[in-house]
Amino acid sequence: MGKRFRYVLVLGVGILAVCVGGIFWAYLATQQVPDFYVAAGNITPSVQAAAGDELERRVLTLRNDFQADGFWEATFTEEQLNGWLASDLPEKFGDVLPDGISDPRISIGDQRLQIACRVENSKFETVVSLSVDLNLTQEANVLAISVRHARAGKLPIPLKRFLDDITNASMEAEIDIRWVHDDGIPVALVPISIQQDKSSENSICLDVIEVRRGEIYLAGRTRSKDHQKILESSVSSGAPNPGEK
């Protein structure tokens, strides 16, 4: 065996070893699960169910607050949201999630959310997580969701294909998402539909959304039909808006 051939053979084996090692490392990285996801999975079903029930009670209270003219607010905690995702979502809305996606969970930090779910197909199984920011836009009742990172386990994954999947899923759910970019960061503009009685002519506006550690705070106002007429009359006459802060 010539010296040149031995050199080429050793080089080829080295490259193969690096490739195999890289693939193995990437596989191991995809099997790493975010700490918050592990913690959420360790909560007992009874605690999850109680937290989910509390979330539904708060949502019902908020819906009732929508009917009254004036200011409203609500706070939803990480425990309540994860409890509902674990107990109520699969039981009451089991067909909402696409095939191969299960067990969504959320972590609420200062001004940032992490959302994760289990993804499984015939080739692999992993936990995919997204890091996002939430803000309101100047357009009424439109939420801006800035997507910072996407990972399979601890392995970063390209955003484009993932965002395309989000767009397709939104279209199937009849949610009108528009994508823009802010300094290279993809931002989804999502209209917020605040449901109330179909016969109601109240105007409901979400004014504040704050992502705090462990909770999400919402605040806004409801204007009745009569209140709205008064405001429109005040604007047209140049008088101060009654009830405005």
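Points worth noting:
- Label-point gap, in nm, between I177 and N135 - each point 7 angstrom along Cα→Cβ: 1.9 nm
- Amide H to amide H, with H built 1.01 Å from N, G153 comes under 5 Å of V127, V128, S129, counting only residues 5 or more places away or on other chains.
- Prolate/oblate/rounded label for region 74-189 (Cα gyration tensor, a/c 1.5): rounded
- Simple rule: put +1 on each Lys or Arg Cβ and -1 on each Asp or Glu Cβ in region 65-216, find the dipole, and look at L155, F76, P90; the Cα lying farthest toward the positive end is L155.
- Pairwise FRET efficiency - D65 versus R148, Cβ, R0 = 35 Å, nearest 0.05: 0.60
- If only the Cβ of Lys and Arg carry +1 and only the Cβ of Asp and Glu carry -1, the dipole of region 29-237 around its Cα centre is close to 380 debye.
- Viscosity 0.692 mPa s, 37 °C: Kirkwood-radius Stokes-Einstein D of region 29-237 over Cα pairs, µm²/s: 173 µm²/s
- Per-residue HN-Hα couplings for region 54-65 [Karplus 6.51, -1.76, 1.60; θ = phi - 60°; Hz; x = Gly/Pro]: 5, 4, 5, 5, 5, 5, 5, 4, 5, 4, 5, 5
- Note, ³J(HN,Hα) from phi for region 95-110, Karplus 6.51, -1.76, 1.60, rounded to Hz, x at Gly and Pro: 8, 6, 6, x, 4, x, 10, 8, 6, x, 9, 9, 10, 10, x, 5
- Given +1 at the Cβ of Lys and Arg, -1 at the Cβ of Asp and Glu and no other charges, the dipole of region 89-189 around its Cα centre is 440 debye to the nearest 20.
- Packing-based ranking of 115-126, 90-101 yields 115-126, 90-101, ordered from highest to lowest mean Cβ neighbour count within 10 Å.
- Taking amide H positions as modeled 1.01 Å from N, with prolines and chain starts lacking one, the residues under 5 Å from V142 and 5 or more places away or on another chain are T137, I192.
Only the coordinates and a few stated rules stand behind these numbers; no lab work does. Bear in mind that the values here come from a model prediction, so they are computed numbers and not experimental data. Positions of Cβ are backbone-derived with ideal geometry, glycine not excepted, and every protein chain shown enters the neighbour counts.
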